[in-house]
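This report refers to the structure that appears directly beneath it.
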Amino acid sequence: MAGDNAQQVSDWNGAVGEKWAADQERTDQLIKAFGDKVVEVARAAAGESVIDIGCGCGATSLDMANAVGHAGRVVGVDVSAPMLAVARRRAVGMPHLTFVEADASQAELTGPYDVLVSRFGVMFFDDPTAAFAHMRQALAPGGRLAFVCWRTAAENPWAALPAQTARKAAGIDAPAADPHAPGPFAFGDGDRLRAILSESGFERIAIEPFEAPMQIGSSPRSAAEGAVRIGPASRVARDAPEKLPAIIDAIEAALTPHAAEDGAVSLPGQVWIVTAESPG
Ligand SMILES: C[S@@+](CC[C@H](N)C(=O)[O-])C[C@H]1O[C@@H](n2cnc3c(N)ncnc32)[C@H](O)[C@@H]1O
């Protein structure tokens, strides 16, 4: 059925979500700079209410709960039961932070909220305009939107290089995927993203580029092993399990020229930092 997010919900509530849950500490470290930027531009004040869309293992929800304090309220929403289990463990002793397992594009979101935030959790909707229009209804008049999403795959070599290498090693010669399809790079085109937000009723839209280094491994080998667990190369590895050792070897070789003297592999992450408001 079109527009029900079925593929993404199934992926995130299955093997993909289980890997994210298992790798929570490593992933949080890898993308911390981008979440910190979201917290900064969200400008949450003590006592405000916040909803974190696609909250996953809860890192941004925890940051926002600390920002609004016990007089505030934070709700994390996600479709992934394994990731929410991690989030709930991390929120023990924080009664003003709760988590809900639901599809944010369709569920009743129990607003109104002062702020809607997301760290890489809003690029997975089959119908993004309808999803943002629905989520906007959960904001109070004048409520703020603040999220981070990836720019295009081509602008993010930390993901594109392992993925291209994996495809070659696996002998996969499929046509290039639709760059706008639900997935991490669906909002890479900033003009399209602006149109989606505008058509879903947001105003004062700002889409700013931001870059931070991503240390994807302490060595090319560990970076390759990480790439086949999480990210675009992992999907190639999932589709060609018998080629996994060759894929890891090939990614290690491709990343070796990018290693620093101590072996660590660091590549730039390129994102959009997005802010907007619901009409007052
Ligand atoms: C790339 S992960 C980011 C997780 C978390 N925000 C972080 O930064 O660690 C994307 C998250 O979006 C969630 N997600 C995907 N589609 C969703 C939907 N329709 N409603 C709610 N969450 C969704 C996934 O389950 C996953 O946790």
> Ignoring any ligand, DNA or RNA, what whole percent of the accessible area of the range 6-277 comes from carbon and sulfur when the probe is 1.4 angstrom?
Replying inline: 53
> Mean separation of Cα pairs under 8 Å and 6+ residues apart, divided by the residue count of the chain: what relative contact order is that in percent?
Replying inline: 20
>> Students often forget the sequence filter, so: which lysines lie under 23 Å Cα-Cα from K168 once same-chain residues fewer than 8 apart are removed?
In response: K243
> Using a Gaussian network model of the chain with C-alpha springs under 10 Å, which one of G54, G76, G231 is most mobile by mean-square fluctuation?
Replying inline: G231
> Considering only the chain, what is the antiparallel percent among its DSSP beta bridges, to the nearest 5?
Replying inline: 50
> How much length is gained on full extension from A174 to R238, taking 0.36 nm per residue of separation minus their Cα-Cα distance?
Replying inline: 21.5 nm
> Which value in deg cm²/dmol, rounded to the nearest 500, describes the helix-derived mean residue ellipticity at 222 nm for the chain, given -39,500 (n - 2.57) per DSSP H run of n ≥ 4 and division by the residue count?
Replying inline: -11500 deg cm²/dmol
>> Could you put V50, V9 in order of accessible surface area, largest first, with the 1.4 Å probe and the full protein assembly present?
In response: V9, V50
>> As a test question: what accessible area, to the nearest 10 Å², does E203 have when a 1.4 Å probe is rolled over all protein chains in place?
In response: 90
>> I'd like the accessible area for H258: 1.4 Å probe, protein heavy atoms, all chains in place, Å² to the nearest 10.
In response: 80
>> Please give the Cα centre distance for the range 1-33 versus the range 125-187, rounded to the nearest Å.
In response: 13
> Got a number for the accessible area of S278? Probe 1.4 Å, square angstrom, nearest 10.
Replying inline: 10
> With every protein chain left in place, what is the accessible area per residue of the range 6-277 in square angstrom, probe 1.4 Å?
Replying inline: 43
> Per residue, what volume in Å³ does the convex hull of the Cα atoms of the range 6-277 enclose?
Replying inline: 118
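The values are calculated or read from the model by the stated rules, or taken from the named source; none is laboratory data. The shown structure was predicted, so the numbers you read here are calculated from the model rather than taken from an experiment. Just so you know, the surface numbers come from the protein's heavy atoms only, side chains and all, with ligands and any DNA or RNA stripped out. Shrake-Rupley method; radii C 1.70, N 1.55, O 1.52, S 1.80 Å.
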